[in-house]
Amino acid sequence: MSNAPAYTEVQARSYLAFWRTPFFRAFLSSPSGFLALFLTGMLLATALLAPLVLTREEIYQRNVRRRLEGPSADHVLGTDNLGRDILKRTLYATPLTLQLALSAAGMAIVIGFAAGAATAYLPGRLRNMGVRLLEIMLAFPGILIAIMLVAVVGTSAEGAVLAIGIAFSPSLARVAYTLASGVAGLDYISSARVLGLSSRRIVFRYIIPNIAETLIVVSFNATASALVAVSSLSFLGLGVQGTQFDWGRLITEGVLRLYQVPLLALAPALAIGITGLTLGYLGEALARGLNPALWTQTAAIQSRTWLQRYFSSEYMLLTGATLLLVAFYFLPWFSPDALDPNRTLVTGAKILAGDTNLAAIATGSQVAMLLLRTGAWIALLLGLLSYFFLRYRRFCAYLGLICGLCAGSYFLSFLLADSASLGTALASAQLGFYLGVGATILLILQVVSDKSRQTRGSPDDIPAPSQASAVEAPVSQAQPLLQARGLTVRFELESGSISPVNDINIDLAEGEIVGVVGESGSGKSMTALALAQLVPHPGVVSAHYVRLRGEDITRMSAGQLRYFLGSEMAMIFQDPMSSLNPALKIGTQLTEATRVHRRVSGKALRKMALERMADVHISAAETRLKQYPHEFSGGMRQRAMIAMGLMNSPSLIIADEPTTALDVTIQAQIIDVLREINQEQGTTVLLISHDVGVIIEICSRVLVMYAGRIVEDVQITELMTADKHPYTEALIAAVPAFDSDRDEPLASIPGRPPDLDNLPSGCAFAPRCPYVFERCRQEVPALLHVDDNHRIACFLRTEALEDAQA
Amino acid sequence: MTLRNESNSGIMAWLTGRLGPWPRFLLKRLVSLFVVLAMLLVLTFLLIYLVPGDPAVRKAGIDASAEQIEFERKALGLDQPVHVQFIRYVQGVARLDFGTSFITKQAVTEILQQRFPRTFQLAGTGLLIVMLVSVPLGILVGALTREGRNRRLEVVFMSLTSTTSAMPEFLTATFLAFIFAVTLNWLPVGTTQKSTAIILPAISVSLRPVASLARVVRLETLNVLAQDYIRTARSKRLPAYLIFMRHLLPNVLTAALTIGGLVFAGLLGGTVIVENVFAWPGLGQRVVDAVFNLDYPVIQGIVLYFGITVVLINTAVDILLALVDPRTLVLSE
């Protein structure tokens, strides 16, 4: 359910034609909408016209001499055991079947929704009992309840409808209950109440539009299952009685003669299947139409009309090819003189090999059948290939369609005329075959050339980070443990590409604790994930190099990377509850990486685990190792996370907001543990936090990030004294005093962080900067040294230096 | 399925307050099992009163004399007050005595013993297929389509599963019989003599739940893959098989198991239809005859058997869940 704004009357009036309304556009935004419309039309037409067009005589008149025949010109789908036309009887049963299904579904919906909504408004205890009763009823299969109810209400069409109406209502009641008890408590309903809207307006403007989607989908699903259930009861002989018949009853007759005339059962079974699908598609499309969140999206996508989209889209071609396969492959089987299926492949091979001496092995219509299948297979194959692999899928799919049509046109001529000439059959078979072969070759060529282009083209896709930035070396005091140059993360989205991390350079010395600070969206967490090579899909990391202990991890194979980073780097994440697997014991999670990367096991491994637990001050470690995360407190979980990171004695720990989800006293514990580890084991720590207070407390140096770039790199000792980047100044000014609310640490920086897909042309901070001047809006400032240990990306601080150099 | 018992009455509170998590959990499950079974008993007992017509007349036959009818009424115990009848009914059930069929004069217990194993075999095989196919399939597709990868595969998977889950059992049954028995003549139909005879009925009954469960498993896989602890596992550089088998599977299985009970109930419902298509001699075939002939004792017996099976399976699933996922014990408090 979305809480997007409700569809207002003003919007409704501004659209004149119904097919241009957002409802209809969203309805048709997927092929299922188109299919739903088409199939519903067909179904309704059949239901209305069948009783008018077909006479009772045609339906009931017996003709025993022509019983159990296969398809022929007179009887398209053959005849039943009394010589009656199968197709006509199937069509004739449409209105009754639909009527029964709709009444049963209507009843289930009315009973279910009423009962569910009523349950939601019962007082506490009664409501609990009602819900439990619903759950118990739901545990039993609906069809069994229906069968039992039929015993009570009697075996008849009405009885079946009643039984199913009652048996299927609990599942609807459950949905209605959930919706009714959920919707009333939502925020926007309360705010509408506060605004003083009348109950009627609230119901129609806010509640109905927001639950309509779910209600419609559920109702249509219920109708589909009611259709199946009614048919099932009729099939079992517990539904429609006497001379009346619905699809279920037709199947009963058919199943008995499955070996003689398979279509007798398959035709009505297919009718049920198609109707069920129609209902499903219709519900889905209606729900899409009623979902206001989709209106603006689809309006943007649909610059072309839906017709253009369908006829040029691969959906239609794939569907077409599949339908062709089904039609062409299965129909010939029902033909009285079709070939033995086991012989067709051999015969087919002979024909395609150019064996013209066919009279000995096949008649014209048999060849026709064969080429139908060949055409169908080629069409389907091309459809599938083009759907999955190709850029030029449209072209190939058209070829596939042509193959199918070649075969199809012949099929028609076969239906119209009794026998077919061998020459035509052979000609179309060969035409279809060669077209298919040609198209397949084209496809393969296309796939191969696509692949080679991709492998050659990939480095060009990512723009090389600017050379200038690589020249300006970052602050470094001792031997660098980590050196990253030109680190960039890019996401290709439908709306365009964004770079949450944009061409940054980082140096970390051995034994340092370096902080990364910035507002959310500044790219600090993404920097951590990029260094760890864990950026989520579809993000792409690029860099000149990322060296850890002198080894470039961007050039490592997946296996090398796993081993190297598995022992050299550890990560600690924000929320210790969600970052530990709830289904595994702490001990397992603590030791598994060591077991894999260092091949330590047994007592030695346990001893290591106990030592690390002691390092992070977890007492009773023996028992703690056997416990699950939910048995740990928040702070203890985070310490266990740190212990887990320490298991392989990494040289670098990247801690991404390790204290944010914890309360203040626990935060101090975690910071102490990190500091101890740094001092005692010499582990380098990269600490990412939006909390300047935490950074100042523990770090020796801090990197300030804004909009994907490092804007300042400064020693903590200089942080309070030296001239700083205006953004850093604002961050420090926003550090909360002891008595201020810690939930909103950055509330006092005016303005919003920029959208990454819409960055200003110059300095990203310019719109919020109190010192902004003209140059800031035009150029992006580079990160330059103002002294040996201090880099700033701000014209305000570096312009003077540039002048001096010039 | 959580049939949660929230009885806060004095005795329960006193009892549960004094027990460890496991005994407390088992006790609660036992109580709710008992409540549901009692409801089942009452419902099946009431069946006789709900169905129109006089059972004594039906048993004696339409052309029976007044004495004969009176005799049958006594034999059925219908001359006794309702509460006595109910107690007798419960006693009978406790002795596994459900009376005799009006039509065939066969003991209902005998019918159940003959036919229930067949139905259970069918539903059990179906459940096995459902679990063995849909869980790996859902995880595989989930892994391939995570974070919006492979949009095409997602579209194909979604449309295939939604089509399959809309297919009624007798449609799949008819199609499968037509293709594999009639056309290809690979598998037998309408017999229980050959061991391969169960293949087609079991597939027919499981195809729909396979599709719907595979969808659920895929969604759950996507959900679990997006969890922080998977990122933690990746940050530990564990090999892929450990991430999937150790970190993903138990969490996905929890979801699969939760609806596994419902799936089994659905399978039992499906057997009724499928047994009739394939002439599989289980309870499904018999219950239709019984309903058609208003053969109360048989209906009662079969409904009770199905009901008890469903309830027991659900309880077993709850206990299994608690074993797989230790959080369940705490959450059910």
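The values are calculated or read from the model by the stated rules, or taken from the named source; none is laboratory data. In this text, all values refer to a predicted model and were calculated from it rather than measured experimentally. Cβ placement follows ideal geometry from the backbone for every residue including glycine, while neighbour counts extend to all protein chains displayed.
Quick look at the numbers
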| read-out | value |
| --- | --- |
| Filtered residue count, the range A:615-652, keeping only those that are of a type in the set (S, T, N, Q) and closer than 13 Å to residue A:572 by Cα | 1 |
| Every pair of residues 6+ apart whose Cβ atoms lie under 7 Å, when the first sits in the range A:228-253 and is at the interface with chain B (Cβ under 9 Å from one of its Cβ atoms) and assigned to a loop (DSSP other than H, G, I, E, B) while the second is of a type outside the set (Ser, Thr, Tyr) and surrounded by fewer than 24 Cβ atoms within 10 Å (Cβ to Cβ) | A:236/B:276; A:236/B:288; A:237/B:288; A:237/B:292; A:238/B:288; A:238/B:292 |
| Extreme residue, farthest from the other protein chains (Cβ to nearest Cβ), among residues of the range B:268-290 that are part of a loop (DSSP other than H, G, I, E, B) and surrounded by fewer than 24 Cβ atoms within 10 Å (Cβ to Cβ) | B:281 |
| Residues that are more than 7 Å from chain B (Cβ to nearest Cβ), among the aliphatic types (A, V, I, L, M) and farther than 26 Å from residue A:660 by Cβ, drawn from the range A:560-597 | A:561 |
| Residue list for the range B:62-73, filter: surrounded by 12 or more Cβ atoms within 10 Å (Cβ to Cβ) and under 38 Å from the mean Cα position of the chain (by Cα) | B:72, B:73 |
| Subset of the range B:190-235 (residues that are without any contact (Cβ under 8 Å) to a residue 40 or more places away in the chain, surrounded by fewer than 16 Cβ atoms within 10 Å (Cβ to Cβ) and more than 26 Å from the chain's Cα centre (by Cα)) | B:223 |
| Members of the range A:112-164 that are touching a Gly at 6+ places or on another chain (Cβ under 7 Å) and of a type in the set (S, T, N, Q) | A:119 |
| Yes/no for residue A:260 being assigned to a helix (DSSP H, G or I) and at pLDDT below 80 | no |
| Residue A:694 being under 24 Å from residue A:664 (Cα atoms) and in a strand (DSSP E or B) | no |
| From the options A:608, A:613, A:569, residue that is within 17 Å of residue A:644 (Cβ to Cβ), crowded, with 17+ Cβ neighbours inside 10 Å and touching a residue at least 60 places away in the same chain (Cβ under 8 Å) | A:569 |
| Flag if residue A:151 is facing chain B (nearest Cβ under 10 Å), in a helix (DSSP H, G or I) and of a type in the set (Gly, Ala, Ser) | yes |
| Residues that are crowded, with 16+ Cβ neighbours inside 10 Å, more than 9 Å from chain A (Cβ to nearest Cβ) and assigned to a loop (DSSP other than H, G, I, E, B), drawn from the range B:156-189 | B:187, B:188 |
| Which numbered condition residue A:668 fails, given (1) touching a Lys or Arg at 6+ places or on another chain (Cβ under 8 Å); (2) part of a helix (DSSP H, G or I); (3) away from chain B (no Cβ under 13 Å) | (1) |
| Residue tally, condition outside any loop (DSSP other than H, G, I, E, B) and within 8 Å of chain A (Cβ to nearest Cβ), over the range B:142-152 | 4 |
| Hits in the range A:531-553 - residues which are within 14 Å of chain B (Cβ to nearest Cβ), surrounded by 19 or more Cβ atoms within 10 Å (Cβ to Cβ) and assigned to a strand (DSSP E or B) | A:539, A:548 |
| Members of the range B:74-103 that are assigned to a helix (DSSP H, G or I) and under 27 Å from the mean Cα position of the chain (by Cα) | B:86, B:89, B:90, B:91, B:92, B:93, B:94 |
| Residues satisfying the stated conditions in the range A:626-669, i.e. among the hydroxyl-bearing types (Ser, Thr, Tyr) and crowded, with 21+ Cβ neighbours inside 10 Å | A:659 |
